[in-house]
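A short write-up of the structure that comes next.
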Amino acid sequence: MTLSLHKDKIRFLLLEGVHDNALKVLNDAGYTNIEYIKSALDEAELIEKIKDAHFIGIRSRTQLTRKVLESAEKLIAIGCFCIGTNQVDLEAALELGIPVFNAPYSNTRSVAELVLAETIMLMRGVPEKNAVVHRGGWNKSAKDSYEVRGKVMGIVGYGSIGSQLSVLAESLGMKVIYHDAVTKLPLGNAVQVGSLEELLAKADVVTLHVPDLPSTRNMMTAKEFAQMKDGAFFINAARGGCVDIDALAAALESKKILGAAIDVFPKEPKSADEEFESPLRAFDNVILTPHVGGSTQEAQANIGLEVGEKFVRYSDQGDTTSAVNFPNVSIPFTDGTHRLLHIHRNVPGVLSQINASFADAGINIAAQSLMTKGDVGYLVMDVDDNDSAKAMERLRVVPETIRVRVLF
């Protein structure tokens, strides 16, 4: 439970070399107390560093477990400078009153372009030909080499990346079909099919663009690979847990699938010093990339801006719009007021209890918004600036309080 800190007292810990744009956004907003580290930290180092941090920014390698989060008594918010948030215990963060922000749209173009390039390379047999030439061979053959024009791309997951890829693929003359858990309006001439099985049976190249959910884990097993067209190609730039890698290796070994491109894996090295191990290393006709779908200068620059701005909005205004684990609340500031942020356990009667307490104390509420998510409620309210100290005292004694802050 804290009062508003001066900006130079609010400490940011940025790990894994997040883009300089994040530093610029924070500095421009008046935040200068920033520790910038280019690598991920192991658990012991992380626990020590995070103790005094109010905000932490990470990419994909840092693991914010419940143990780590419970040691971060001052932590106000987490920023994942990437799309995924698997590296954070979202439930623990919610229970502790810590919103988690990410950048779900900033690298969509980068991923879509990589998948399109891989589609062309796979259908021309370039990965295997390249490997042979590197070994001194000269396999100058058109066997199993195709143009992409007129071929069918099957996109599994028609979200921001899948839909953008759809447009790019159509521009090359491909026919696009897609499968999604919900009905989505197509872009261009793409057609939504009724089932994954139907898509697998029709597509010349299958590409995954789904989130990490219980329903998507191991969605591609030996059964699904058997349902694909003979001689089709497979791409995964979504989540490593979506694919049974041994089943994919078997499908490649049997020539059921002519080639694959995989950017994400069930188990990935924690650093460049750790060897990457996978049965897919045995295949010349497989493109293996180290989780770089969104690793372009443009994407990282956009991500730095997006997450940096979310940090500033939360710190300055209590704005949790687009937080992945937290109630989303955003209201404009009211002149002549101080803003109170009250995070509490979500049980009936908290709001009425607070309003009654304020009424008894003669505290005028100029603006108020409450949203809940799971077991946690988030209340943002503006009160007359002369009443904020009195209001804070009232909020502190609410039994369900997790944490409370005042902004002015």
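Exactly one residue among S330, S357, S295 is outside any loop (DSSP other than H, G, I, E, B) and either more than 30 Å from R239 (Cα to Cα) or open to solvent by 50 Å² or more (accessible area, probe 1.4 Å) (or both), and that residue is S357.
Considering every residue within the range 55-67, establish whether at least one is surrounded by 19 or more Cβ atoms within 10 Å (Cβ to Cβ), free of Cβ contacts under 8 Å to residues at least 60 places away in the same chain and over 19 Å from the mean Cα position of the chain (by Cα). Checked against the condition, which is being surrounded by 19 or more Cβ atoms within 10 Å (Cβ to Cβ), free of Cβ contacts under 8 Å to residues at least 60 places away in the same chain and over 19 Å from the mean Cα position of the chain (by Cα), the range 55-67 yields no hits at all. Of the candidates G173, G137, G157, G150, the single residue that is in the same structural domain as R281 (by the TED database), over 30 Å from P104 (Cα atoms), open to solvent by less than 50 Å² (accessible area, probe 1.4 Å) and in contact (Cβ under 8 Å) with a residue 24 or more places away in the chain is G150. Exactly one residue among E91, E113, E128 is under 20 Å from the mean Cα position of the chain (by Cα), over 18 Å from G294 (Cα atoms) and open to solvent by 20 Å² or more (accessible area, probe 1.4 Å), and that residue is E91.
Go through the range 228-252 residue by residue and tally those that are assigned to a strand (DSSP E or B) and either under 20 Å from V152 (Cβ atoms) or open to solvent by 10 Å² or more (accessible area, probe 1.4 Å) (or both). Before you say what the answer is, go through the steps one by one.
Of the range 228-252, the ones assigned to a strand (DSSP E or B) are 232-236, 243.
Next, only the ones that are either under 20 Å from V152 (Cβ atoms) or open to solvent by 10 Å² or more (accessible area, probe 1.4 Å) (or both) stay: 232-236.
Number satisfying all stated conditions: 5.
Residues in the range 12-22 that are open to solvent by 40 Å² or more (accessible area, probe 1.4 Å) and either out of contact with any helix residue (DSSP H, G or I) (no Cβ under 9 Å at 6 or more places or on another chain) or in a helix (DSSP H, G or I) (or both): D20 alone. So, of the residues in the range 207-227 that are aliphatic (A, V, I, L, M) and assigned to a strand (DSSP E or B), which turns out to be farthest from I155 (Cα to Cα)? Within the range 207-227, the match that is farthest from I155 (Cα to Cα) is M220.
Yes or no, residue by residue, for (1) touching an Asp or Glu at 6+ places or on another chain (Cβ under 8 Å); (2) of a type in the set (D, E):
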{"site": "V25", "(1), (2)": "yes, no"}
{"site": "D28", "(1), (2)": "no, yes"}
{"site": "N33", "(1), (2)": "yes, no"}
{"site": "Q63", "(1), (2)": "yes, no"}
{"site": "A72", "(1), (2)": "no, no"}
{"site": "C80", "(1), (2)": "no, no"}
{"site": "V88", "(1), (2)": "no, no"}
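For the range 177-185, the count of residues that are open to solvent by less than 30 Å² (accessible area, probe 1.4 Å), within 20 Å of S110 (Cα to Cα), modelled with pLDDT of 95 or more and among the aliphatic types (A, V, I, L, M) is zero.
The values are calculated or read from the model by the stated rules, or taken from the named source; none is laboratory data. No experiment lies behind these values; they were computed from the predicted model shown. Methodologically, a virtual Cβ is constructed for each residue, glycine included, from the backbone with ideal geometry; neighbour enumeration extends over all protein chains shown. These area figures cover heavy atoms from the full protein model, side chains too; ligands, DNA and RNA do not enter into them. Shrake-Rupley method; radii C 1.70, N 1.55, O 1.52, S 1.80 Å.
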